[in-house]
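> Can you keep this structure in mind? I'll have questions shortly.
The values are calculated or read from the model by the stated rules, or taken from the named source; none is laboratory data. What you see is a predicted model; the values in this text were computed from it and never measured. Don't worry about glycine lacking a Cβ; one is built from the backbone with ideal geometry, like all the others, and counts go over all protein chains shown.
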Amino acid sequence: MGIGEDGIEGLTPVALNLVKSAAVVFGGARHLALAASAIRGLSRTWRVPFDDSVTELLNYRGQPVCVLASGDPFLHGVGSVLARLVSHEEIVAVPAPSAFSLAAARLLWPLPQTTQLSLCGRSADLIRPHLHPGQRMLLLTSDQDSPAQLAKLLCELGFGASQITVLEALGGPRERVRSARADAFSLGPLNALNTVAVEIVAEGAARVLPRAAGLPDELFEHDGQITKREVRALILSALAPRRGELLWDIGAGAGSVAIEWLLADGSLNAIAIERRPDRTARLTRNAAAFGVPHLQVIEGAAPVALQGLKTPDAIFIGGGITMPGTLESAQKALRPGGRLVVNSVTLETEAVLLRQYSQFGGTLSRLEFSHASPLGGEQGRFKGWRPAMPVLQWTWVKP
């Protein structure tokens, strides 16, 4: 049952009768207070950990139970959790307008053209891939401090001219809507229940992340151990990310392949395996800087570090294929129909890939790139082609 800040006055007659007829009503303390005058049965506040309350709720199966949620229970709400545990025949869902709907109505923004993210209990870095000039964003926040933290992040990334609108306690008697530029953000005390709207304005040095695969190498923090952008674009094409899939990036280095995999779609997941502690720290920073802080980082060497990891849909191996058992472990772990992409730049690893290609088939490609650069002498007046090291790439789909 969705309930807004206007309490039972905003409930439809059907929704109000369902609350009144419930033997038990679950919800947050705020929700229960809003509906208090209509509750006839027991009131149960969500506990920590939340799973304990879910267990208690399921013990009331067979009785009329009402679960109160903010706005639309299926928009970053409890509805999706309960729907996985209770059959459709046992549930009646009655939504109220979501915070996004209410905010769009106040601002007259079309929701299909607006980025909508929840930052409740999540890193503000998630906004980074969406920071493009002219973009509009609606953000669910965690508390009264979140808007100022968002303003600070926008300024750090070169978007200080962006307009921030804080919409507090939408739909209720304490509703308030105020705006300020990110670089002049000072709205005083805020209601902890707020939604933030942002209209993105990029300044000269703003960090705008392109949408295409093969992001510039200089955007990544690295020690030289990074898959170069041209090769990386072809790797992502061969990995062919599909919605909801999981990637293992073995020998991740700077994490560029795993990061670009995650940027391809918000439903994707990735695990980066890297044996060197300095590089795992660096790729963790890169993940945050690219707005994919959910990248899982495993410090350890393959194949030992692969044990117990969730079954991958795709695997990229950029280093360590000469370690005994690494390729075999990767092939065994991959699900049927999964894709394996392996790169080689040394003669020793080329020999390994040639054997794999001979035994298992797949696709073997040689990638060579040259860049124009100044030649010696003549004070750099002339330029010529400087080839990068050729890369041998083996791609295999597990039968």
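> Between residues in the range 16-28 that are touching a residue at least 12 places away in the same chain (Cβ under 8 Å) and residues that are among the polar types (S, T, N, Q) and in a strand (DSSP E or B), which pairs lie under 9 Å by C-beta distance while being six or more apart or on different chains?
V24/S43; V25/S43; F26/S43; F26/T45; G27/S43; G27/T45; G28/T45; G28/S70
> Here is a check on your reading of the model: is G79 touching a residue at least 40 places away in the same chain (Cβ under 8 Å) and buried (at least 16 other Cβ atoms within 10 Å of the Cβ)?
It is false that G79 is touching a residue at least 40 places away in the same chain (Cβ under 8 Å) and buried (at least 16 other Cβ atoms within 10 Å of the Cβ).
> Could you pull out the residue among P336, P324 that is outside any helix (DSSP H, G or I), surrounded by fewer than 22 Cβ atoms within 10 Å (Cβ to Cβ) and touching a Lys or Arg at 6+ places or on another chain (Cβ under 9 Å)?
Every option except P336 fails the conditions.
> Which residue pairs have Cβ atoms under 6 Å apart, sit 6 or more places apart or on different chains, and have a first residue in the range 352-363 that is of a type in the set (V, I, T) and a second that is buried (at least 17 other Cβ atoms within 10 Å of the Cβ) and not in a helix (DSSP H, G or I)?
V352/I321; T363/T395
> A follow-up question, please. Which condition from (1) in contact (Cβ under 8 Å) with a residue 40 or more places away in the chain; (2) assigned to a strand (DSSP E or B); (3) surrounded by 23 or more Cβ atoms within 10 Å (Cβ to Cβ) is the one that I271 breaks?
Going through (1) in contact (Cβ under 8 Å) with a residue 40 or more places away in the chain; (2) assigned to a strand (DSSP E or B); (3) surrounded by 23 or more Cβ atoms within 10 Å (Cβ to Cβ) one by one, I271 breaks only (3).
> For the range 203-233, give me each residue that is assigned to a helix (DSSP H, G or I), out of contact with any Gly (no Cβ under 7 Å at 6 or more places or on another chain) and either charged (D, E, K, R) or over 13 Å from G318 (Cα atoms) (or both).
As a first pass, look at the range 203-233 and keep what is assigned to a helix (DSSP H, G or I): 217-219, 229-233.
If we keep only those that are out of contact with any Gly (no Cβ under 7 Å at 6 or more places or on another chain) too, we end up with 217-219, 231.
D217, E218, L219, listed by residue number.
> Counting only residues that are at pLDDT 95 or above and part of a loop (DSSP other than H, G, I, E, B), which one in the range 308-321 is surrounded by the fewest Cβ atoms within 10 Å (Cβ to Cβ)?
Per the criteria, the residue is G308.
> Please determine, by comparing only the residues of the range 275-298 that are charged (D, E, K, R) and closer than 24 Å to R207 by Cβ, which one is farthest from the chain's Cα centre (by Cα).
The selected residue is D278.
> Quick check, is W396 assigned to a strand (DSSP E or B), at pLDDT 90 or above and exposed (fewer than 11 other Cβ atoms within 10 Å of the Cβ)?
Numbers: assigned to a strand (DSSP E or B): yes; at pLDDT 90 or above: yes; exposed (fewer than 11 other Cβ atoms within 10 Å of the Cβ): no.
No, not satisfied.
> When you check V304 against the structure, is it out of contact with any helix residue (DSSP H, G or I) (no Cβ under 8 Å at 6 or more places or on another chain) and farther than 18 Å from V231 by Cβ, yes or no?
Criteria met by V304.
> Oh, and also: Looking only at residues that are part of a loop (DSSP other than H, G, I, E, B) and in contact (Cβ under 8 Å) with a residue 60 or more places away in the chain in the range 274-293, which one is surrounded by the most Cβ atoms within 10 Å (Cβ to Cβ)?
This residue is V292.
> Let me ask something additional. When the range 222-268 is examined, which residues are found to be closer than 24 Å to L364 by Cα and within 12 Å of the chain's Cα centre (by Cα)?
E260, W261
> Going through S344, S365 one at a time, which residue ends up being surrounded by 11 or more Cβ atoms within 10 Å (Cβ to Cβ) and closer than 17 Å to T326 by Cβ?
S344 is the lone residue from the list that is surrounded by 11 or more Cβ atoms within 10 Å (Cβ to Cβ) and closer than 17 Å to T326 by Cβ.
> In this structure, does G4 turn out to be under 21 Å from S142 (Cβ atoms), modelled with pLDDT of 95 or more and among the small types (G, A, S)?
Spelling it out, G4 is indeed under 21 Å from S142 (Cβ atoms), modelled with pLDDT of 95 or more and among the small types (G, A, S).
> Working only within the range 112-126, note down all residues that are surrounded by 14 or more Cβ atoms within 10 Å (Cβ to Cβ) and touching a strand residue (DSSP E or B) at 6+ places or on another chain (Cβ under 8 Å).
Scanning the range 112-126 gives T114, T115, Q116, L117, S118, L119, L126.
> Return yes or no: is A105 part of a helix (DSSP H, G or I) and either under 30 Å from H132 (Cβ atoms) or within 27 Å of the chain's Cα centre (by Cα) (or both)?
Criteria met by A105.
> Let me ask you something else. Scanning the range 122-151 for residues that are touching a helix residue (DSSP H, G or I) at 6+ places or on another chain (Cβ under 8 Å) and among the charged types (D, E, K, R), which turns out farthest from L209 (Cα to Cα)?
Selected residue: R136.
> Residue by residue through the range 29-70, note down the ones that are surrounded by 17 or more Cβ atoms within 10 Å (Cβ to Cβ), of a type in the set (G, A, S) and closer than 13 Å to L16 by Cα.
A35, A38
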